[in-house]
Ligand code: ADP
């Protein structure tokens, strides 16, 4: 329904005031910040009353009287931006369009950002290309210093950035803080790696020649990132590209642009020169045309994408038109295997983090859970008890929440479809199994899952633990390798021979042995088969943004 201007104003004012009142009487900083998110939107007789584009900013400003979380930390409002960032300017889309960003926990609009299209991206690419001509001439030490400064600002503002992240993405606040630490460490690492991009000398084949290998930045890098790690997937790519001497055009996920823009704001404050980092925001509708410009432009030399296998294939095909180097980190369908010899308590513990972190929305989350016959019942009952005791669904800013909402309704429908399909084919629901309103789906445990079920064939990307029973090592390794994905795989065993055999036989880029949480910024992250191309993180990540040049220097002999 339509509201009159006065009614809107009154409604907004009243809610803001009530938010303020609550802020003043609570003592915990964490709790206060949660309350302060309430004024984002007023529901008036069932109709959504949207605040102006700067609503997120004004909501954060209401928190400015709160103590900063760390020495040097600033109010959250100072890095809430609702414009895109191109060539060092904060800009709207050329056609003035914007799109809404929604808090997945409440379903409410928290603000809007520019809906950029092919024209806007073309311009950003040209600016990045122009900036590359000088950025590539900087020394490794100079690039290292910029990245270090950027990292310092991110560390200082970790808590505030984490609040922003939870607000637009939904994951529990503690997990958001963890993501900020993970993400900022990529900047730390790449500030160091920038100084270690060594060339090589090859023993000569003739006295008159010297053979050298130079490593040089590849050019403009087009980055497309997902919503499940709105900070870390950006720093993992942009940190490496900038360290290598490349400039960047980044398109963040439409669900989580604010974390990307906050990173750009802090990069600007770190003094990163104009045009080195450009952030173009676009809606889901415009994502294909934005992606096409990045993939097909001859001014862009590399693509780095994290997201679904389906979109990765489109981008790889498009990038073939200009023979671009592609780093693709795509979907997984991770096996999690528990052998009879395993420490079952450790396996259950490891599984909880591996499966339920981020409400099951990571590409390395366990998807197919294979439990050997001898320990199947024990594992299932211990897991059910642990889920009862430890998982709490709710708004990510609420203390104690371990399970935030899923990102959107599409995600909820997919989990629901997988549960219904499995049950129709004979699986038993041991826990959960239901939608819980809005974007929430309860943590679910299914027993008796088989390989013909959808949840075995596709990544569920939600809080569904699907238990399969198996008898032999050969059988389970064949099952684990039977899919076209090859990102992460996990197994628990105490048998040393088996540990070596299975670690070597699994066709996966990442293998966790007696570990459910294997990520860290230092390691080569990436998949086999249709899970992707290239590696991100550590010393490997920077190589994606480097060209090798062989120089043959003759005329040296007397
Ligand atoms: P999800 O379904 O989980 O959102 P996607 O792979 O569809 O995963 O999205 C990951 C990223 O890819 C997002 O930034 C999204 O906007 C972008 N994207 C989606 N479709 C395309 C496309 N056709 N071309 C380029 N980017 C795309």
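The values are calculated or read from the model by the stated rules, or taken from the named source; none is laboratory data. Note that the structure is a prediction, hence the values are computed from the model and not measured. So basically every Cβ, Gly included, is an ideal-geometry build from the backbone, and we count neighbours across all protein chains shown.
Observations, loosely collected:
- Residue 169 within 16 Å of the ligand (Cβ to nearest atom) and under 22 Å from residue 327 (Cβ atoms): no
- Single residue of the range 400-412 satisfying the filter (within 12 Å of the ligand (Cβ to nearest atom) and either outside any loop (DSSP other than H, G, I, E, B) or modelled with pLDDT under 95 (or both)) that is surrounded by the most Cβ atoms within 10 Å (Cβ to Cβ): 411
- Single residue of 417, 390, 329 found to be within 15 Å of the ligand (Cβ to nearest atom) and surrounded by fewer than 22 Cβ atoms within 10 Å (Cβ to Cβ): 417
- Checking the stated criteria, residue 429 turns out to be touching a helix residue (DSSP H, G or I) at 6+ places or on another chain (Cβ under 9 Å) and surrounded by fewer than 21 Cβ atoms within 10 Å (Cβ to Cβ).
- Residue ID - farthest from the ligand (Cβ to nearest atom), chosen from residues in the range 277-313 that are over 25 Å from residue 243 (Cα atoms) and in a helix (DSSP H, G or I): 313
- No other residue among 367, 316 is within 15 Å of the ligand (Cβ to nearest atom), surrounded by 16 or more Cβ atoms within 10 Å (Cβ to Cβ), within 30 Å of residue 494 (Cβ to Cβ) and touching a residue at least 60 places away in the same chain (Cβ under 8 Å) apart from 367.
- Complete set of residues in the range 155-171 that are over 18 Å from residue 102 (Cβ atoms), surrounded by 24 or more Cβ atoms within 10 Å (Cβ to Cβ) and in contact (Cβ under 8 Å) with a residue 60 or more places away in the chain: 157, 160, 161
- No other residue among 306, 322, 362 is under 20 Å from the mean Cα position of the chain (by Cα) and within 30 Å of residue 133 (Cα to Cα) apart from 306.
A quick yes/no check of all residues on (1) more than 16 Å from the ligand (Cβ to nearest atom); (2) outside any strand (DSSP E or B); (3) modelled with pLDDT of 95 or more; (4) within 29 Å of residue 360 (Cα to Cα):
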{"position": "190", "(1), (2), (3), (4)": "yes, yes, yes, yes"}
{"position": "195", "(1), (2), (3), (4)": "yes, yes, yes, no"}
{"position": "208", "(1), (2), (3), (4)": "yes, yes, yes, no"}
{"position": "214", "(1), (2), (3), (4)": "yes, no, yes, no"}
{"position": "226", "(1), (2), (3), (4)": "no, yes, yes, yes"}
{"position": "229", "(1), (2), (3), (4)": "no, yes, yes, yes"}
{"position": "235", "(1), (2), (3), (4)": "no, yes, yes, yes"}
{"position": "242", "(1), (2), (3), (4)": "yes, yes, yes, no"}
{"position": "253", "(1), (2), (3), (4)": "no, yes, yes, yes"}
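- Residue 267 satisfies every condition listed in (1) within 11 Å of the ligand (Cβ to nearest atom); (2) in a helix (DSSP H, G or I); (3) touching a strand residue (DSSP E or B) at 6+ places or on another chain (Cβ under 8 Å) except (1).
- Taking the numbered list (1) part of a loop (DSSP other than H, G, I, E, B); (2) at pLDDT below 95; (3) touching a helix residue (DSSP H, G or I) at 6+ places or on another chain (Cβ under 6 Å) in turn, residue 110 passes all entries but (1).
- One residue from 395, 340 being touching a strand residue (DSSP E or B) at 6+ places or on another chain (Cβ under 8 Å), at pLDDT 95 or above, part of a loop (DSSP other than H, G, I, E, B) and surrounded by fewer than 23 Cβ atoms within 10 Å (Cβ to Cβ): 340
- For the range 379-386, the criterion of being in contact (Cβ under 8 Å) with a residue 60 or more places away in the chain, in contact with a helix residue (DSSP H, G or I) (Cβ under 8 Å, 6 or more places away or on another chain), closer than 26 Å to residue 229 by Cα and not assigned by TED's automatic domain parsing to the domain that holds residue 170 is satisfied by no residue at all.
- Taking the range 475-494 as the range and being surrounded by fewer than 22 Cβ atoms within 10 Å (Cβ to Cβ) and within 12 Å of residue 331 (Cα to Cα) as the test, only 484 passes.
- Within the range 433-461, the residues that satisfy the criterion of being part of a loop (DSSP other than H, G, I, E, B), more than 16 Å from the ligand (Cβ to nearest atom) and buried (at least 22 other Cβ atoms within 10 Å of the Cβ) are 443, 449, 453.
- Residue ranges of helices (runs of 4 or more DSSP H) in the range 464-558 with at least 1 members on the phi > 0 side of the Ramachandran plot: 538-541
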